[in-house]
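Chemist: I have a structure here, written as structure tokens, and I will follow up with some questions on it.
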Amino acid sequence: SFMLSTAGVAGAALIGAPMQSAFAAKKFRYKYANNLPPSHPMNKRAEEMAKNIEEETGGAFKLQVFPSSQLGSDTETLNQLRSGAVEFFTLSGLILSTLVPPAAISGIGFAFPDYDTVWKAMDGDLGAYIRREIEKHDLVVMEKIWDNGFREVTTSTKPIESPDDFKDLKIRVPVSPLWTSMFEALKSAPTSINFNEVYSALQTKVVDAQENPLAIIQTAKLYEVQQYCSLTNHMWDGFWFLGNKAAWDRLPKEIQAVVTKHINAAGMHERDDVHALNDELQKKLTSEGMKFNSPDTKPIRTVLKDAGFYAEWKKKFGDEGWGILEGAVGSLT
Ligand code: X2X
């Protein structure tokens with residue numbers, strides 16, 4: 001074309017190159033780590049998203065996905081994210097609370113009655129409040145939180161039928177003060193263990209129980225080392241898609257826009273996938289030998305209330321955060 005006619009030999013050499021246009025100047029190779037198996041919807045959608053980003057940036061941005069805590073435990077990967085050794089990481093807000101305390105607020109026991117309430121809150125004021133807090137810590141966070149799900153209790157010993165069954169239960173919880181506090185309020189004996197060690201901790205009977213959504217119980221094969229699954233839905237949990245700020249700021253604006261668009265879109269698809277899985281997995285897990293029951297959760301909530309769990313965390317989170325939470329879910333105390 002006439003615009004290239006004065007570009008000379010160097011310019012001419014570019015004409016035959018593939019579509020690199022606005023993204024040609026520099027190539028970026030970033031790492032994204034998470035703690036879930038490759039077969040979980042998180043990783044299926046992440047692979048698809050990485051492909052879309054690479055295509056749309058003409059190869060200028062390539063994202064390598066590291067599932068199954070390949071780069072380290074959640075605790076270690078959070079440190080790598082902060083130092084820039086890893087550029088992206090998805091992490092439960094409750095675990096992130098070891099760095100950003102308000103990020104745990106969405107995990108208050110029995111706060112959300114259903115998914116409609118979850119997404120309205122997390123895509124609305126509550127999510128915006130948490131993201132503002134995260135950004136104070138030199139991290140980037142995508143707008144759409146990815147779904148982990150409503151959590152259920154599994155054990156190798158007995159079903160949870162009443163609050164009494166929580167007493168002295170040796171249960172693994174993720175590394176997070178809110179999780180420990182909740183199961184202490186239920187009089188269990190919680191142990192903090194990162195997810196990459198959960199299967200073996202259950203297998204070797206370091207603990208007898210754990211709690212996770214059905215999509216994880218299935219994809220991480222926890223049914224091989226757990227017998228009972230009690231549908232307590234005691235907490236909703238999601239993964240914030242986090243980025244290292246310096247690495248993010250190095251990206252040209254056009255690349256940031258493409259990456260943001262595809263990560264948030266993948267998160268929305270992942271939400272649908274997890275929801276669909278949770279609807280169908282009880283049957284599959286039953287065929288793999290798990291025994292299901294659905295305990296009445298009212299008496300469990302009463303134990304939490306009477307133990308002062310809600311009052312204690314209301315004080316910790318403070319009036320602003322607690323007010324936004326109750327604005328979304330109604331009164332908890
Ligand atoms: O560690 C867990 O149990 C998991 C996978 O659900 C989280 O990342 C919070």
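Chemist: Pick out, from segment 193-252, the strands (runs of 3 or more DSSP E) lying fully within it that include 1 or more residues that are more than 13 Å from the ligand (Cβ to nearest atom), modelled with pLDDT of 95 or more and in contact with a strand residue (DSSP E or B) (Cβ under 6 Å, 6 or more places away or on another chain).
Modeler: Where strands (runs of 3 or more DSSP E) fall fully within segment 193-252 and carry at least 1 residues being more than 13 Å from the ligand (Cβ to nearest atom), modelled with pLDDT of 95 or more and in contact with a strand residue (DSSP E or B) (Cβ under 6 Å, 6 or more places away or on another chain), they are 228-230, 236-244.
Chemist: Are there any pairs, at least 6 apart or on different chains, whose C-beta atoms fall under 6 Å, with the first in segment 306-325 and more than 13 Å from Ala104 (Cβ to Cβ) and the second among the acidic types (Asp, Glu), and if so, which?
Modeler: As it stands, the answer is Ile324/Asp125, since those pairs meet every condition given.
Chemist: What pairs can you find where one residue is in segment 75-88 and open to solvent by less than 50 Å² (accessible area, probe 1.4 Å), the other is charged (D, E, K, R), and their Cβ atoms are less than 8 Å apart, with a gap of 6+ or different chains?
Modeler: Leu81/Glu87; Val86/Lys31; Glu87/Lys31; Phe88/Lys31
Chemist: Of the conditions (1) within 26 Å of Leu78 (Cβ to Cβ); (2) more than 16 Å from the ligand (Cβ to nearest atom), Lys158 fails just one. Which one is it?
Modeler: Condition not satisfied by Lys158: (1).
Chemist: Let me ask another. Under 7 Å between Cβ atoms, at least 6 apart or on separate chains: pull out the pairs that start in segment 256-276 with a residue that is open to solvent by less than 30 Å² (accessible area, probe 1.4 Å) and end on any residue that is of a type in the set (Ser, Thr, Tyr).
Modeler: Val258/Thr57
Chemist: Output the residues belonging to segment 161-192 that are open to solvent by 10 Å² or more (accessible area, probe 1.4 Å) and within 11 Å of the ligand (Cβ to nearest atom).
Modeler: Matches in segment 161-192: Val175, Ser192.
Chemist: When segment 135-155 is examined, which residues are found to be more than 14 Å from the chain's Cα centre (by Cα) and within 16 Å of the ligand (Cβ to nearest atom)?
Modeler: Glu152, Val153, Thr154, Thr155
Chemist: Mind listing whichever residues of segment 17-68 are more than 16 Å from the ligand (Cβ to nearest atom), at pLDDT 95 or above and among the hydroxyl-bearing types (Ser, Thr, Tyr)?
Modeler: Tyr30, Thr57
Chemist: Here's another thing I want to ask about it. I'd like the full set of residues that are surrounded by 21 or more Cβ atoms within 10 Å (Cβ to Cβ) and either within 15 Å of the chain's Cα centre (by Cα) or polar (S, T, N, Q) (or both), limited to segment 44-66.
Modeler: Residues satisfying the conditions are Arg45, Ala46, Thr57.
Chemist: Please enumerate the residues belonging to segment 89-108 that are within 14 Å of the ligand (Cβ to nearest atom) and open to solvent by 10 Å² or more (accessible area, probe 1.4 Å).
Modeler: Ile95, Ser97, Thr98
Chemist: Inside segment 76-106, can you point out the residues that are farther than 24 Å from Asp249 by Cα and either among the charged types (D, E, K, R) or touching a Leu at 6+ places or on another chain (Cβ under 6 Å) (or both)?
Modeler: Leu94, Ala104, Ile105
Chemist: Related question: If I ask for residues that are small (Gly, Ala, Ser), in contact (Cβ under 8 Å) with a residue 12 or more places away in the chain and either farther than 22 Å from Val118 by Cβ or part of a helix (DSSP H, G or I) (or both), which ones from segment 277-297 would you list? If you could, list the steps in order and put the result at the bottom.
Modeler: Of segment 277-297, the ones small (Gly, Ala, Ser) are 287, 289, 294.
From what's left, in contact (Cβ under 8 Å) with a residue 12 or more places away in the chain: 289, 294.
Result: Gly289, single match.
Chemist: Could you tell me whether any residue of segment 205-212 is more than 19 Å from the chain's Cα centre (by Cα), open to solvent by 60 Å² or more (accessible area, probe 1.4 Å) and among the aliphatic types (A, V, I, L, M)? First the steps, then the outcome.
Modeler: Applying the first criterion (more than 19 Å from the chain's Cα centre (by Cα)) to segment 205-212 yields 205-209.
Remaining after also requiring open to solvent by 60 Å² or more (accessible area, probe 1.4 Å): 205-206.
Subsequent filtering for residues that are among the aliphatic types (A, V, I, L, M) retains 206.
Yes - at least one qualifying residue is present in segment 205-212.
The values are calculated or read from the model by the stated rules, or taken from the named source; none is laboratory data. Not measured: the values here are computed from a predicted model. Every residue, glycine among them, receives a Cβ derived from its backbone with ideal geometry; neighbour counts consider all protein chains shown. With ligands, DNA and RNA removed, areas are computed over all heavy atoms of the protein, side chains included. Shrake-Rupley method; radii C 1.70, N 1.55, O 1.52, S 1.80 Å.
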